[in-house]
Amino acid sequence: MELITKVEYGKAPFKISHLSKSLLLGSCFAENIGCLMRENKFDCDVNPFGILYNPLSVSKALDDIIACKHYGPDDLFFHQECYHSYMHHGSFSATNQEIVLDTINTRLSKASQRLAQTEVLIITFGTAWVYYLQSTREVVSNCHKMPAKKFVREKLTVNDIVETYSSLIAKLQQCSPNLRLLFTVSPIRHVKDGLHENQLSKATLLLAVDELTRRFPEQISYFPAYEIVMDELRDYRFYADDMVHPSALAIQYIWERFCELYFSADTLQLMKECSNLARALAHRPLKPDSTEYKRFLGQIVLKIEQLNEKYPYLDLKKELELCYIQLNQ
């Protein structure tokens, strides 16, 4: 018996491996996928501007990365005892201006330096609604609880998104000729807009990505995260307590579907080995000073060395350091 309507998709136009350098930008769904990729030892940079929701904010962030923009005091504003950037998530905000600028510029510089080697760019759109500064028409990624009268709120059209990204993709290909883009639309509903407006917003995003995929069939892939949640997981038990965000179980399910589409058998096998290593390191012994536990740690060190020899591009320094710290206690 088939008790769900399964979302079908064709073969992915490209694969992602542990050798691929990836950059992820967008909503908290991009954050979720990025965290899972890092846990599985993929080489990726996740949201160097923090969480971004609308296509224009993501596009502006990528323009800044391409230009390796250096943020200065004029790019910040002071509000509620903190310095903020309209382009950055609140996690970048702080009471010290120099700390904020150093954090912003360090993250941006790192992303810019990686861009030429980046092979996969994963972008997650959350909403078609955009905020602009009333005074300058500057795109705002985060309002930071400033008064509403400072902003103009507008909904992007399909054409707005398509034309912006057609131009952006051309610039990205000049920086990284082998770059491939993977688009998703976040399954997280923006209920504050109203459920009808949320659906119109998501439809705009879906139509825009579909048109971009038609224009750039060899460079762009679409992963149906939105459809998987709406159709395969059509039940509130797959949502968190707020009834808006997907639950941990739903995220894990989407991740498994993502893996089967974009990872080869060899990549999945390496992920399994990394997962086994992580479970071994998470083991908490009853007697940390025992000879038996020291022998166990020695076996883990041997396993790490074997993995490093077989896959020299894997970054297992932290795992190795943890083993030696525990061995020397």
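For residues that are buried (at least 19 other Cβ atoms within 10 Å of the Cβ) and either touching a Phe, Trp or Tyr at 6+ places or on another chain (Cβ under 8 Å) or over 27 Å from Leu181 (Cβ atoms) (or both), tally how many sit in segment 223-237.
Qualifying residue count, segment 223-237: 6.
If you go through segment 37-49, how many residues are in contact (Cβ under 8 Å) with a residue 40 or more places away in the chain, open to solvent by less than 10 Å² (accessible area, probe 1.4 Å) and not in a strand (DSSP E or B)?
The number of residues fulfilling the criteria is 3.
Would you confirm, using the coordinates I've provided, whether Lys149 is of a type in the set (Lys, Arg), more than 15 Å from Asp45 (Cα to Cα) and assigned to a helix (DSSP H, G or I)?
yes
Results for (1) in contact (Cβ under 8 Å) with a residue 12 or more places away in the chain; (2) open to solvent by 20 Å² or more (accessible area, probe 1.4 Å); (3) not in a helix (DSSP H, G or I), shown as yes or no for each residue.
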site	(1), (2), (3)
Gly34	yes, no, no
Tyr53	yes, yes, yes
Ser59	yes, no, no
Ile66	yes, yes, no
Ile99	no, yes, no
Arg114	yes, yes, no
Ile123	yes, no, yes
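Let's see how each residue does on (1) surrounded by 11 or more Cβ atoms within 10 Å (Cβ to Cβ); (2) outside any loop (DSSP other than H, G, I, E, B); (3) acidic (Asp, Glu); (4) in contact with a Phe, Trp or Tyr (Cβ under 7 Å, 6 or more places away or on another chain):
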position: Trp255; (1), (2), (3), (4): yes, yes, no, no
position: Thr267; (1), (2), (3), (4): yes, yes, no, no
position: Leu277; (1), (2), (3), (4): yes, yes, no, no
position: Lys287; (1), (2), (3), (4): no, no, no, yes
position: Ile304; (1), (2), (3), (4): yes, yes, no, no
position: Glu319; (1), (2), (3), (4): yes, yes, yes, no
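Quick check on this structure: which one of Tyr324, Tyr293, Tyr311 is closer than 30 Å to Gly10 by Cβ, surrounded by 10 or more Cβ atoms within 10 Å (Cβ to Cβ) and among the hydroxyl-bearing types (Ser, Thr, Tyr)?
Tyr311
Would you pick out the residues in segment 209-234 that are within 23 Å of Val244 (Cα to Cα) and in a helix (DSSP H, G or I)?
Val209, Ala225, Tyr226, Glu227, Ile228, Val229, Met230, Asp231, Glu232
Select from segment 238-253 the residues that are part of a loop (DSSP other than H, G, I, E, B) and open to solvent by 40 Å² or more (accessible area, probe 1.4 Å) and write down the one among them that is nearest to Cys28 (Cα to Cα).
Per the criteria, the residue is His245.
For segment 206-253: of the residues being in contact (Cβ under 8 Å) with a residue 24 or more places away in the chain and of a type in the set (Asp, Glu), which is nearest to Met37 (Cα to Cα)?
Filtering segment 206-253 for residues that are in contact (Cβ under 8 Å) with a residue 24 or more places away in the chain and of a type in the set (Asp, Glu), the one nearest to Met37 (Cα to Cα) comes out as Glu227.
Among (1) at pLDDT 95 or above; (2) closer than 30 Å to Lys310 by Cβ; (3) of a type in the set (Lys, Arg), which single condition is Lys60 missing?
(2)
Quickly run through segment 143-184 and pick out the residues that are among the acidic types (Asp, Glu) and crowded, with 17+ Cβ neighbours inside 10 Å.
Answer for segment 143-184, where residues must be among the acidic types (Asp, Glu) and crowded, with 17+ Cβ neighbours inside 10 Å: just Asp160.
Looking only at segment 185-208, decide whether some residue is loosely packed, with under 13 Cβ neighbours inside 10 Å, small (Gly, Ala, Ser) and within 23 Å of Leu62 (Cβ to Cβ).
No: segment 185-208 contains no residue that is loosely packed, with under 13 Cβ neighbours inside 10 Å, small (Gly, Ala, Ser) and within 23 Å of Leu62 (Cβ to Cβ).
I want to confirm something. Restricting to segment 8-32 and keeping residues that are part of a strand (DSSP E or B) and not small (Gly, Ala, Ser), which single residue is farthest from Leu270 (Cα to Cα)?
Among them, the one singled out is Leu25.
Among the residues of segment 272-295, which ones are in contact with a helix residue (DSSP H, G or I) (Cβ under 9 Å, 6 or more places away or on another chain) and either modelled with pLDDT of 95 or more or within 27 Å of Leu36 (Cβ to Cβ) (or both)?
Once the filter is applied, which keeps residues that are in contact with a helix residue (DSSP H, G or I) (Cβ under 9 Å, 6 or more places away or on another chain) and either modelled with pLDDT of 95 or more or within 27 Å of Leu36 (Cβ to Cβ) (or both), segment 272-295 yields Glu273, Cys274, Ser275, Asn276, Leu277, Ala278, Ala280, Leu281, His283.
Could you tell me whether segment 10-23 includes any residue that is of a type in the set (Gly, Ala, Ser), open to solvent by less than 50 Å² (accessible area, probe 1.4 Å), out of contact with any Leu (no Cβ under 9 Å at 6 or more places or on another chain) and in contact (Cβ under 8 Å) with a residue 24 or more places away in the chain?
yes
In segment 133-142, how many residues are open to solvent by less than 50 Å² (accessible area, probe 1.4 Å) and part of a loop (DSSP other than H, G, I, E, B)?
The qualifying residues number 2.
For the list (1) surrounded by 13 or more Cβ atoms within 10 Å (Cβ to Cβ); (2) in contact with a Phe, Trp or Tyr (Cβ under 8 Å, 6 or more places away or on another chain), I need the number of the one condition that Thr95 fails.
Going through the list (1) surrounded by 13 or more Cβ atoms within 10 Å (Cβ to Cβ); (2) in contact with a Phe, Trp or Tyr (Cβ under 8 Å, 6 or more places away or on another chain), Thr95 breaks only (1).
The values are calculated or read from the model by the stated rules, or taken from the named source; none is laboratory data. Every value quoted in this text rests on a predicted model; they were computed, and no experiment measured them. Neighbour counts are summed over all protein chains in view; Cβ atoms, including those assigned to glycine, are modelled from backbone coordinates with ideal geometry. Quick note on the areas: whole protein, heavy atoms, side chains included, nothing else; ligands and nucleic acids left out. Shrake-Rupley method; radii C 1.70, N 1.55, O 1.52, S 1.80 Å.
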